[in-house]
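Visitor: Structure provided below as structure tokens; questions to follow.
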Amino acid sequence: MVKKRIKHQLTVLYTSQQNEVIERRNKTFMEMARCLLYEKKLPLKFWAEAVNTTSYLLNRMTSRVLADKTPYKIWYCFNPIVDHLKVFDNLCYVLKPEAKRRKLDEKADIGILISYNTKLRPKKIYDLKYNKLVIVRDVKVTKECYMKLENCIN
């Protein structure tokens, strides 16, 4: 029986360039997150959600290093389900529970798809009415991007 071990390596403080693999991976994360934010003209306050989305997507994308398998498949031994993926920054409608609305109130609030949450596939939405992040399951994501809506309003 072959034992596999993780080898712990130390680096000098503040010299991340000593580990080229990690340095390249960090650069990939930050470049992709930056592209998500600037392409959709979202404020920098969403940088953490952009990085989370980047991580979520990269773990579900094939890699030549992994013989065209996804990191998700390597870890869980089955292919990831990707049919729930939507475009970052899409407009969406979040259903308000009946207990939180009156008879003639709107049934949904409008928001922006910001990130995915891995538990039971809910999504992180930026609620435009209340200006806060919410995690929801009952959401209808449209094909319309927030950036296009902003261009129409201004």
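What follows draws every value from the coordinates through simple rules; no lab data is involved. Remember, predicted model here, so these are calculated numbers, not experimental data. Neighbour counts are summed over all protein chains in view; Cβ atoms, including those assigned to glycine, are modelled from backbone coordinates with ideal geometry.
Visitor: So which lysines pass the test for LYS124, namely a Cα distance under 22 Å, with those fewer than 8 places away in the same chain ruled out?
Guide: Cross-link targets: LYS40, LYS41, LYS45, LYS86, LYS96, LYS100, LYS107, LYS132, LYS140, LYS143, LYS148.
Visitor: A further question on this structure: Once you wrap a convex hull around the alpha carbon atoms of the chain, what is its projected area averaged over all directions, in nm²?
Guide: That works out to 13.9 nm², a quarter of the Cα hull's surface.
Visitor: Which of the GluC sites (Glu not before Pro) across the stretch 37-140 are loop residues per DSSP, with 16 or fewer other Cβ within 10 Å?
Guide: GLU106
Visitor: Okay, helix-only estimate at 222 nm for the chain: each DSSP H run of n ≥ 4 adds -39500 (n - 2.57), divide by all residues, round to 500 deg cm²/dmol; what do you get?
Guide: -9000 deg cm²/dmol
Visitor: What's the longest piece of the chain with no exposed chymotrypsin sites (Phe, Trp or Tyr not before Pro), counting a site as exposed if DSSP puts it in a loop and it has at most 16 other beta carbons within 10 Å?
Guide: Longest run free of exposed loop sites: 15-77.
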